Amino acid sequence: MKAAVMYDVGDLRLDDLPEPEPGHREVLIRVRASGLCGTDVHMYEGKNKEGTFPFIPGHEWAGEVMKLGPQVTSVQVGDRVMGDSFIPCGVCDVCKESINSAYCPNHQAYGFSPEYSGGMCEYLKSPEKRLFKLADNMSFEEGALVENVSVPYTGIWRIAGGVAPHDRVAIFGAGPIGLMAMLIAKAAHAQTIVVETLEFRRKMVEEMGAEAVIDPTKEDPVERIRHYTGGKGATLIVECSGSDQAIAATMDASALEGRILLVGHSIGRKVAIEIGKMIWKGTKIVATCAAPGYFPKVIDYMARKPFDFTRAITHRFPLTSIMEAINVGLQYKKSMKIMILP
């Protein structure tokens, strides 16, 4: 089978590998769609240390069950599925206390290591316990977007207390996660304000229904958010950019008793923020990094078709053009979600 293998920073090759054979409680899946995440591009660039070389990347995928290993009971041949990226060990203190599976120190990270392949390949084997069936009316591309949608959906509904029509929502960063956060807020009929530096993405979120779009390189985002909210500030802020400036601005843009949800990665950096305002505003700051127990909820949400989520896909490539896809990802100023179709 064909598979994209990342051997090192800047070294991604399309290899011919043996088709995997499912073992005990494992299934063989034919990958139909696999999203190229910014994390994958950053691992290729060497901007993060999330991957252990060599490995097959791709943690956002959907496919069709082709073969069952011994004692598989939850899926059948022909089922259309997607998979969780983080599988906890189940025996450490974190797991026993039912804490987020992504925090398990012994978790299996699929798409990030040699032992646990991602979806940038024609076939992959997977434990059945990490699989979730797609709704009948969902396409494989929508299935590959479930992980993208799950991050802001879980953060907003599980961590930040939800979103309602009376909320004034400000979203910093309009990449795929920020776009999905905006759509989730729109589905609740909340006011939606998006802050984004890139013109391509500003136009895209505006076309998909953002009520106000701010270019922070030309306008003060805090002043503009206060303008659009009648001077009150945002009751819910979803920070998806990971930018120091954006994170620091969230406190000033927050309304009294507002909520700030941190989603964008900013590991290894310290951000100056006036924390005293949190006390005198009654602000709540929360953060999210995974979607434990929320994939079925997200699939149900997407199956209701509140929006055409595939509009987030700006580029599609066959697996044989994986390097062309990576190069488009490196030029992120003119792309949103890139989809690989093996």
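The values are calculated or read from the model by the stated rules, or taken from the named source; none is laboratory data. No experiment lies behind these values; they were computed from the predicted model shown. Because the Cβ atoms are built from the backbone with ideal geometry, glycine has one as well, and the counts that use them run over all protein chains shown.
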Self-check item: the range 1-27 residues that are of a type in the set (S, T, Y), paired with ones that are not in a loop (DSSP other than H, G, I, E, B) (beta carbon under 8 Å, 6 or more apart)
Solution: Y7/R13
Quiz item: If we scan the range 266-277, do we find a residue that is surrounded by 16 or more Cβ atoms within 10 Å (Cβ to Cβ) and hydroxyl-bearing (S, T, Y)?
Solution: no
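Sort out which residues of the range 124-156 are outside any helix (DSSP H, G or I) and either over 14 Å from V75 (Cα atoms) or outside the structural domain of D40 (by TED's automatic domain parsing) (or both), and write them in order of number.
L124, D136, N137, M138, S139
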Quiz item: Can you find even one residue in the range 47-55 that is without any contact (Cβ under 8 Å) to a residue 60 or more places away in the chain, surrounded by fewer than 22 Cβ atoms within 10 Å (Cβ to Cβ) and β-branched (V, I, T)?
Solution: no
Quiz item: When residues of the range 309-329 are filtered for being assigned to a helix (DSSP H, G or I) and more than 15 Å from A135 (Cβ to Cβ), how many remain?
Solution: 13
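Given the options P57, P105, name the one that is closer than 28 Å to I340 by Cα and either in the same structural domain as L17 (by TED's automatic domain parsing) or among the hydroxyl-bearing types (S, T, Y) (or both).
P57
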Practice problem: Run V77 past the list (1) modelled with pLDDT of 95 or more; (2) β-branched (V, I, T); (3) in contact with an Asp or Glu (Cβ under 8 Å, 6 or more places away or on another chain) and report the number of the one that doesn't hold. | Solution: (3)
Quiz prompt | Top-ranked residue of the range 1-45 - restricted to ones that are farther than 20 Å from G78 by Cβ and of a type in the set (D, E), ranked as surrounded by the fewest Cβ atoms within 10 Å (Cβ to Cβ) | solution = D16
Quiz prompt | So E128, is it of a type outside the set (A, V, I, L, M, F, W, C), in contact (Cβ under 8 Å) with a residue 60 or more places away in the chain and in contact with a helix residue (DSSP H, G or I) (Cβ under 8 Å, 6 or more places away or on another chain) | solution = no
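Does the range 273-292 hold any residues that are farther than 24 Å from I177 by Cα and not in a helix (DSSP H, G or I), and which are they?
Going residue by residue through the range 273-292, those that are farther than 24 Å from I177 by Cα are 274-282.
Across the range 273-292, the qualifying residues are E274, I275, G282.
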Exercise. Would you mind stating whether H107 is in contact with a Cys (Cβ under 8 Å, 6 or more places away or on another chain), surrounded by 19 or more Cβ atoms within 10 Å (Cβ to Cβ) and closer than 18 Å to E142 by Cα?
Key: no
Quiz item: Quick one: which of A185, A160, A164 is surrounded by fewer than 19 Cβ atoms within 10 Å (Cβ to Cβ), of a type in the set (A, V, I, L, M) and over 14 Å from the mean Cα position of the chain (by Cα)?
Solution: A164
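Yes/no per residue for (1) under 19 Å from K125 (Cβ atoms); (2) of a type in the set (A, V, I, L, M, F, W, C):
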site: E64; (1), (2): yes, no
site: L68; (1), (2): yes, yes
site: G83; (1), (2): yes, no
site: E97; (1), (2): no, no
site: Y103; (1), (2): no, no
Self-check item: Whichever residue in the range 208-252 is part of a helix (DSSP H, G or I) and among the basic types (K, R) and, among such residues, is surrounded by the fewest Cβ atoms within 10 Å (Cβ to Cβ)
Solution: R226
Self-check item: Of all residues in the range 311-334 being of a type in the set (S, T, Y), at pLDDT 95 or above and surrounded by 14 or more Cβ atoms within 10 Å (Cβ to Cβ), the one that is nearest to D136 (Cα to Cα)
Solution: T314
Quiz item: Looking at (1) of a type outside the set (D, E); (2) surrounded by fewer than 16 Cβ atoms within 10 Å (Cβ to Cβ); (3) outside any loop (DSSP other than H, G, I, E, B); (4) assigned by TED's automatic domain parsing to the domain that holds E64, which is the one condition that is false for P306?
Solution: (3)
Practice problem: Can you give me the number of residues within the range 253-263 that are under 23 Å from V149 (Cβ atoms), surrounded by 23 or more Cβ atoms within 10 Å (Cβ to Cβ) and out of contact with any Cys (no Cβ under 8 Å at 6 or more places or on another chain)? | Solution: 3
